[in-house]
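Below: one structure, written as structure tokens.
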């Protein structure tokens, strides 16, 4: 038995032993504590990749009923412990572990004018066309002069570029030892070779093996943290939930229920889409968007207070809820580059941009081959450290002002259930802020200053305010439940290449409309109805900005209006022990579709097997302005509208609208389109006790 197989066997053995131990403990203390839980083995196989998940997991839930304590009644303590170990980082380490990645290549299309290959390796030493155009700690002269034979790398190597680069302390060459072209991929290469747009090399190995591009406290997991995220979490994620429930009786039938501790607070009446259900952040690294929200919400330390009034006036039931999330802020887990699930490929963009800032690197097709005629093409450009990329990620520290507060009123009126919701919270998604990062001009070495339209960012998590409502209605006449959920937010921020800071704020309206109906399909099952559930999710950006430049559209890559529809068909056989289903989702603007059939077989009361396929198609061809021709360092990065024949001086910053897939096309592709090449077969075996 080889080492990898031994590790996997050991992990499975530990899981089985844990389940057996928990069963013994549950039996011994069953009179005082209600125990339940499961052990599971989950394996995913991804097309053209191999094993993408080999997780051994264990979860145990306990409830201790205490009774009356002082003025409180029905006091109980509830807890959930979850542990897992994903052996994929050992079993498939060429894709996800210590041996992942290799040499990355990007396009330098302007080199075609020299008869040179247009695909070059990243992070070269800036010498000659094969290494890209070297800038950053170089002095550049003769910008608009005639094309001459010059020493681009500063070492005497001649090459025909239209300006002279004179060595001024080549720190990029010095930094090369810190940023070699090993253990890397090209941003977006899983969708197209050598990327498209602003692409560059991205390190992909765990952060203890390769620390390049790792962002402290945000995307800096080492191998053991990736494999066993609960056990090695610095936020104690092994303790998934721990809270105390208690009831305080008031006058008459009124009562106040308290829940204090680490918990999930679920708002809204729909699944998959988070319209009102935004109190807890989400761990998308577990299985992208395809796991149940109950399993991927990240529990937080929260005080939830429910004021229950019962039947009041015109209402059959009337309640109010106050939610105070006093935990330290935590963003969504988007996945770290080099892991199987990186939603929107955002983790790779962040890691690559952080590496560019820290160590420098090669960016595809950035500077014009000839600033007097950009139609000749663009050159891959080597930037030194602290020129472009992500400088800082500003995670909000704990303070009273950084806690989150929500209020809900809900009730039942006849066949209608309804709620009104309000929440003030921090955005769980990052926002990239340009225009305020001081850098030196990469082409002149001038003293540090800020530049408009420059892709050098600090990352923020803005404050967001939300108002929303939900309603469900049961129609007895057609035996159907209808669900509607709507929310409006103020304060969300989106990428925007029309603005010098490359982002802007927009009010957003999101909604879900859904219906659930049981339907008999006699030809398939004469005794049991099928569940058919459909819903449509919509997102509207009320302050959307879009404009037309010489080469294409500029502005906000997110669609002004977009809709995603889902359909679930689920049936039951064998006394409900065998349950096949199919889930489909379609993103209308991206043109992306996912189809996921599965079979759930409850073999016994304890053993369960779930076999799932996950197939995606379309959506990965979306392009948008990538700010390569935003001209932050005019005239060296001059855009087409800034040419003399267009009546400009070549110094004005602003995008010409040249579009590519990286980095902003991902927002148009959405989670479905960005995962087009991630078709999988998945199997889960679970033992419940």
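Numbers below:
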read-out: Qualifying positions in segment 316-354 - in a helix (DSSP H, G or I) and within 30 Å of residue 681 (Cα to Cα); value: 343, 344, 345, 346, 347, 348, 349, 350, 351, 352
read-out: Selected residue (criterion: nearest to the chain's Cα centre (by Cα)) from residues of segment 186-213 that are within 26 Å of residue 229 (Cα to Cα) and surrounded by fewer than 22 Cβ atoms within 10 Å (Cβ to Cβ); value: 190
read-out: Selection count, segment 26-46, where residues are surrounded by fewer than 17 Cβ atoms within 10 Å (Cβ to Cβ), modelled with pLDDT under 50 and touching a strand residue (DSSP E or B) at 6+ places or on another chain (Cβ under 7 Å); value: 0
read-out: Residue within segment 567-586 that is modelled with pLDDT of 95 or more, assigned by TED's automatic domain parsing to the domain that holds residue 520 and within 30 Å of residue 500 (Cβ to Cβ) present; value: no
read-out: Failed item, numbered, when residue 334 is tested on (1) crowded, with 24+ Cβ neighbours inside 10 Å; (2) under 28 Å from residue 635 (Cβ atoms); (3) under 23 Å from the mean Cα position of the chain (by Cα); value: (2)
read-out: Residue count for segment 362-389, restricted to those that are part of a strand (DSSP E or B), surrounded by 24 or more Cβ atoms within 10 Å (Cβ to Cβ) and touching a helix residue (DSSP H, G or I) at 6+ places or on another chain (Cβ under 6 Å); value: 5
read-out: Residue list for segment 219-236, filter: crowded, with 20+ Cβ neighbours inside 10 Å and more than 23 Å from residue 94 (Cα to Cα); value: 230
read-out: Output for segment 595-621, where each listed residue is surrounded by 14 or more Cβ atoms within 10 Å (Cβ to Cβ) and not in a strand (DSSP E or B); value: 618, 619, 620, 621
read-out: Residue in segment 415-422 that is within 20 Å of residue 401 (Cβ to Cβ), in contact (Cβ under 8 Å) with a residue 40 or more places away in the chain, outside any loop (DSSP other than H, G, I, E, B) and not assigned by TED's automatic domain parsing to the domain that holds residue 382 present; value: yes
read-out: Within segment 505-521, considering residues that are under 23 Å from the mean Cα position of the chain (by Cα) and crowded, with 17+ Cβ neighbours inside 10 Å, the one farthest from residue 419 (Cα to Cα); value: 506
read-out: Members of segment 47-74 found to be in contact with a helix residue (DSSP H, G or I) (Cβ under 9 Å, 6 or more places away or on another chain) and surrounded by 16 or more Cβ atoms within 10 Å (Cβ to Cβ), listed by number; value: 49, 51, 52, 53, 54, 55, 56, 57, 58, 60, 62
read-out: Any hit, segment 76-99, residues being modelled with pLDDT of 90 or more and more than 30 Å from residue 226 (Cα to Cα); value: yes
read-out: Subset of segment 561-594 [within 22 Å of the chain's Cα centre (by Cα) and part of a loop (DSSP other than H, G, I, E, B)]; value: 588, 589, 590, 591
read-out: Any chance residue 538 is outside any loop (DSSP other than H, G, I, E, B), in the same structural domain as residue 494 (by TED's automatic domain parsing), surrounded by fewer than 17 Cβ atoms within 10 Å (Cβ to Cβ) and modelled with pLDDT of 90 or more; value: no
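Conditions tested, residue by residue: (1) over 15 Å from the mean Cα position of the chain (by Cα); (2) over 22 Å from residue 426 (Cβ atoms); (3) surrounded by fewer than 19 Cβ atoms within 10 Å (Cβ to Cβ); (4) without any contact (Cβ under 8 Å) to a residue 40 or more places away in the chain.
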{"position": "278", "(1), (2), (3), (4)": "no, no, no, no"}
{"position": "285", "(1), (2), (3), (4)": "no, no, no, no"}
{"position": "288", "(1), (2), (3), (4)": "no, yes, no, no"}
{"position": "291", "(1), (2), (3), (4)": "no, yes, yes, yes"}
{"position": "299", "(1), (2), (3), (4)": "yes, no, no, no"}
{"position": "302", "(1), (2), (3), (4)": "yes, no, no, no"}
{"position": "308", "(1), (2), (3), (4)": "yes, yes, yes, no"}
{"position": "320", "(1), (2), (3), (4)": "yes, yes, yes, no"}
{"position": "326", "(1), (2), (3), (4)": "yes, no, yes, no"}
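The values are calculated or read from the model by the stated rules, or taken from the named source; none is laboratory data. Bear in mind the structure is a predicted one, so any value in this text is a computation, not a measurement. Every residue, glycine among them, receives a Cβ derived from its backbone with ideal geometry; neighbour counts consider all protein chains shown.
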